[in-house]
Each structure stands twice: as C-alpha cells, then as structure tokens.
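The values are calculated or read from the model by the stated rules, or taken from the named source; none is laboratory data. If you're wondering where the values come from, they're calculated on a predicted model, not measured in any experiment. In this analysis, Cβ positions are derived from the backbone assuming ideal geometry, glycine residues included, and neighbour counts consider all displayed protein chains.
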Amino acid sequence: MKSLSRFISSVRILCCALILQGWLSGAAFSEEQSAKPTPDDNAISTDSNGPPPKILFEQTTVDFGQVAPGSSSSCLFKFCNKGEGVLEISNISTTCGCTVAELEKKKYASGECGEIKVKFNADRATGLRVKHLYVPSNDPLAPKVELSIKAVIAEKAIAEPDKLDYMLKGKDAGHAKITVKSLDGKSFSITKFESTADIVTADFNANQNAPQIELETSVDAGKVGSIINGRIEISITHPDTPVVSVPFSILPRFRTDPPAINIINAEAGKVVQKDLWLLSNYNEDFDITSADSKKGIIKVLNKQKFDKRYKFELEITPPPVKSIAKMFTDTLSVNTKDGEKIDISCRGFYLSKRN
C-alpha cells in the first residue's frame, strides 16, 4: 500500500510540472508575439540585405521667371530609379497650399522613370516667391530630396497714381485722374469700374483698346458718410492682369477730437463725463441743429461754439451688464444746419472684478 501511495504522489507531481511548463511556454509565446511591431501600410519598406534603389532627378529647381498675380504655372520634375532595388516614394510634402504636387504611382522598378507634376498658384501680392517640396523615399543615400520652385510675381498692367486722396472742398474737389497702362505694351480695354460703396465713379469707353487709358474719376459726396477709405477696382482685358486696383481716401468735412468715445473700467450706473470737440477740416463755419444718442446712454449736458468749432460736454451712464463680452456701445449723431450728419461711436468696457 505504501508503494502504491508513493507511485500516485509521483504521478501527481509529474503532471503538475508538465502543466506548469506548458503555461510558461504559452506565456513566453504570447509575449514574443506582442513584441513584434505592427505593420504600417504607409511605411516605406526597406531591405538592408537586398539591392538598394537610387532616385535621381533631372533637375531639383525650376524658375518660372516673372508671372502675373493670381496666375497658375505648372512644371515637371522628372526622375529615374538608377538603383537595382525597387524605389518607393511616400507622400510628398509642400511648404504652402499654393503649391500642389501630383505623383501617378509610388513604386518604381530598377531603371523605371517617373515624374512629379507641380502647380504653383501665384497670390495677388508682388515680389519673389520660393517654395519647397520634399520627396521621401527608401533610397538610403537620399531619404528625402528637396525640390524648389521660384517665381517673381509682377504686374503686367498698373494704375497710376498708386493711391488717390480726394478733397471735398477747393480746386478739383472730388475729382482725380487715373491712368491705366500696360507694362508689356499689350493693348487692352476696360470692362468694369467699381469702388467701395460706389462712392467713386468714372465713365469709360468699353470699345477703346489701347496700351494706356486715362480715366476721370469723381466722388459722390452724398454717399461718403462715415466711409473715408476704400478701394477702386478696374477690370481690363489684359491677358495677364485682369484687374488693377487703387486705394483711396477722402478727407471728410468734419472730424472729432477724440475720434471716438471710449470708457475703460466702466461700472453700471456710474456716470462718466467726457468732452468732445467737433471741427471743420476745411476751416468752414457751420452750425449744429441737434445731437442725439441712439440708445440714450450718452447725454449732451452742454454744447458751445468757439469760432468754427464746437465743444460738447457729455455724460455717459453705463447700462447694466447684459453681454458676455462685458461691454456696451452707443452712437452720438450730430446734425448740422446744412444737412450733414456726423456719427461718433461710443464703446465702454466694464471693470473686471476678480474673486
């Protein structure tokens, strides 16, 4: 009996040892499997034991020379795989959205050639532009090739002067001449004349075709209002410059000092007093008929005339805070005897309270 008991105990010990050995082997296998890297579909495959590829470009820089604002230019960067292994090219990156690169495929056998099509979209500003493209591949000697494109954005037609300053009083008030001319000698016609709020207008002959055209412009004083700065856009038929533009400014009849009413660290219900001067830019005599607040936040306590200017004593009462921005706005409208209306903006910023 003792011999049988010893035999059974030995068998049990042997079974436990076998089970433990199997568990340890499985754990080791699982650990080995989890340690293996997950394959990346976008990664470039490299075989250190196989023959390497070699990417070779015909040229790495293209100079477009002078291009027109807003134009598009295209070029090709041609390359060949001069190595014995398969060449793989991954995603091409560019330095800005104005440059677009296209590649038909990403794998090239030994001796096979391809091309990268690049499109450059010029912006409206003039000057030199240099853009770069980067071509990653599995070439061990050139893992990332840098390509460059250059261009000088230049106007082929311009408007002179490059800025117009209009006066509403005096000699040639509200009038100015613009000369549109071609810099490359090509003739063109004018198809459209536009300006901010249609303040500036000009008559033109759409049938006139010449390398230089002069326009007489005029300001509609009734539309000026609070708009004292704007831009003129002239559409032309020049093949490389469809539009020329000219910024303009208008000296209004009146100005205020300060230009706007600003209240800092305002508190709801706490009255703030301000002085405001209204002056003539043309040294004219004028009279005020009324001054009203749009929202009632501004109250005119007194107005007094000194020669050709007015002084306003104002009282501003900040209303309760109603917006997340913690600010309020109002407009003081001043009307002159001859029908001019001057709007003065008021902004108040509430006092920030820290807990």
With the range 42-137 as the region, which strands (runs of 3 or more DSSP E) entirely inside it contain at least 2 residues that are touching a Cys at 6+ places or on another chain (Cβ under 8 Å) and among the small types (G, A, S)?
none
Flag if E104 is acidic (D, E), modelled with pLDDT of 95 or more and farther than 30 Å from H238 by Cβ:
no
Is one or more of the residues making up the range 285-302 of a type in the set (S, T, Y), farther than 25 Å from F349 by Cα, in contact with a His (Cβ under 8 Å, 6 or more places away or on another chain) and part of a strand (DSSP E or B)?
no
Only one residue in S189, S290 is closer than 16 Å to V334 by Cα and among the polar types (S, T, N, Q), so which one is that?
S290
Counted residues in the range 120-136 being closer than 21 Å to C80 by Cα and either of a type in the set (V, I, T) or surrounded by fewer than 16 Cβ atoms within 10 Å (Cβ to Cβ) (or both) come to 3
So which strands (runs of 3 or more DSSP E) are wholly in the range 160-201 and hold at least 2 residues that are exposed (fewer than 15 other Cβ atoms within 10 Å of the Cβ)?
175-182, 190-195
Residue among K305, K322, K270 that is in a strand (DSSP E or B), over 27 Å from I227 (Cβ atoms) and not assigned by TED's automatic domain parsing to the domain that holds D220:
K305
Which residues, counting only those in the range 202-212, are in contact with a strand residue (DSSP E or B) (Cβ under 6 Å, 6 or more places away or on another chain), under 27 Å from K223 (Cβ atoms) and either assigned to a loop (DSSP other than H, G, I, E, B) or modelled with pLDDT under 95 (or both)?
F204
Out of (1) surrounded by 15 or more Cβ atoms within 10 Å (Cβ to Cβ); (2) closer than 30 Å to A154 by Cβ, what's the single condition that is false for T331?
(2)
What number of residues within the range 163-204 satisfy the criterion of being over 23 Å from S280 (Cβ atoms), basic (K, R) and out of contact with any Pro (no Cβ under 6 Å at 6 or more places or on another chain)?
4
Just need a number here: residues in the range 232-247 that are in a loop (DSSP other than H, G, I, E, B) and not charged (D, E, K, R).
5
Under the condition of being at pLDDT 90 or above and surrounded by fewer than 16 Cβ atoms within 10 Å (Cβ to Cβ), which residue from the range 221-234 is nearest to D343 (Cα to Cα)?
N229
List pairs: first in the range 258-276 and of a type in the set (S, T, N, Q) and surrounded by 13 or more Cβ atoms within 10 Å (Cβ to Cβ), second in a loop (DSSP other than H, G, I, E, B) and at pLDDT below 95, Cβ under 9 Å, 6+ apart or cross-chain?
none
